[in-house]
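Visitor: Mind looking over this structure? Questions follow.
The values are calculated or read from the model by the stated rules, or taken from the named source; none is laboratory data. Since the structure is predicted, the reported quantities are computational estimates derived from the model, not experimental observations. No Cβ is skipped: glycine too gets one built from the backbone with ideal geometry, and neighbour counts run over all protein chains shown. Protein only, heavy atoms only, side chains kept; ligands, DNA and RNA dropped before computing areas. Shrake-Rupley method; radii C 1.70, N 1.55, O 1.52, S 1.80 Å.
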Amino acid sequence: MLRKLHVQGNGAVAHDAVMECLTMLARRPRVNRRILLVIGEGRDRSSVLKLDAVAQAAQRQNVLIYWMTYSPFLSSLRRSRRP
């Protein structure tokens, strides 16, 4: 399933994207555990929001965030070795 993911764009706005997810979660009932899985680059180059603001919002909403780092550079190297 994850092999079908493709890189789109060149600006990493992870903090803004996570905050948007937190906003969406805030509109839903709090009956289940809230977990957010982020698959993205390790660096955020273009977000307007800072990490502190996003972390505080996640703590207020009791959202657990798991971050899986994805590197387009390393992925291209791995693809080139496959037959």
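Visitor: Compute the length gained on full extension between Val31 and Lys50: take 0.36 nm times their separation in residues and subtract their Cα-Cα distance, giving the result in nm to one decimal.
Guide: Full-extension gain reported as 4.0 nm.
Visitor: Assuming 0.36 nm per residue, please report the length gained on full extension of the stretch Trp67 to Asp16 beyond their Cα-Cα distance.
Guide: Details: separation 51, 0.36 × 51 = 18.36 nm, distance 1.45 nm.
Full extension of this stretch gives 16.9 nm more.
Visitor: Further question on the same structure: Ignoring ligands, DNA and RNA, what percent of the 1.4 Å accessible area of region 6-70 is carbon and sulfur? Walk me through the intermediate numbers first.
Guide: On the way: 2660 of 4940 Å².
Of all accessible area on region 6-70, carbon and sulfur atoms account for 54 percent.
Visitor: In region 20-66, with Lys and Arg counted as +1 and Asp and Glu as -1 at Cβ, which of these residues, Leu36, Leu64, Ala26, has the Cα nearest the positive end of the dipole, that is, farthest along it?
Guide: Of the listed residues, the answer is Ala26.
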